[in-house]
1. Let me spell it out: the conditions are (1) exposed (fewer than 13 other Cβ atoms within 10 Å of the Cβ); (2) modelled with pLDDT of 90 or more; (3) closer than 16 Å to residue 4 by Cβ, and residue 35 meets all of them except one. Which number is the exception?
2. Residues of region 19-44 being closer than 23 Å to residue 96 by Cβ and free of Cβ contacts under 8 Å to residues at least 12 places away in the same chain, which ones?
3. Could you tell me whether residue 90 is in contact with a helix residue (DSSP H, G or I) (Cβ under 8 Å, 6 or more places away or on another chain), part of a helix (DSSP H, G or I), at pLDDT 90 or above and crowded, with 16+ Cβ neighbours inside 10 Å?
């Protein structure tokens, strides 16, 4: 069951075996063995996979507690709807956007990464504003130099 879950999750998120393997820092062939069921990932790799796909390890391993099945039935329907919508949203993103999100999820220090990204964005905005001002100044100078009819 784990092998099937891994393949389905990877495909739903539009990833290749190589991309997932790189994010887990393992060989592609090792990950391919996980998906084929030839070998099983260790507990740390299972935890990384759960974090990567934003699911619980219980869900990934298909752990079920019979006494809770009836109580959670309605919530599971909502969760499934959520997962379906989430998968659709991820598939709407470009490959670069998907990779950015996946790399971000793997970071230990998310706040530092967010601050760096925000700084990069602000620098880019400032550069664009400067370029726009320079363009407008150039256009203004050219208009002044043109003779009036």
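The values are calculated or read from the model by the stated rules, or taken from the named source; none is laboratory data. Only a predicted model underlies this, so the values are computations on that prediction, with no experimental measurement involved. Heads up, the Cβs are rebuilt from the backbone with ideal geometry, glycines too, and the neighbour counts pull from every protein chain shown.
1. (1)
2. Selection gives 21, 22, 25, 28.
3. Criteria not met by residue 90.
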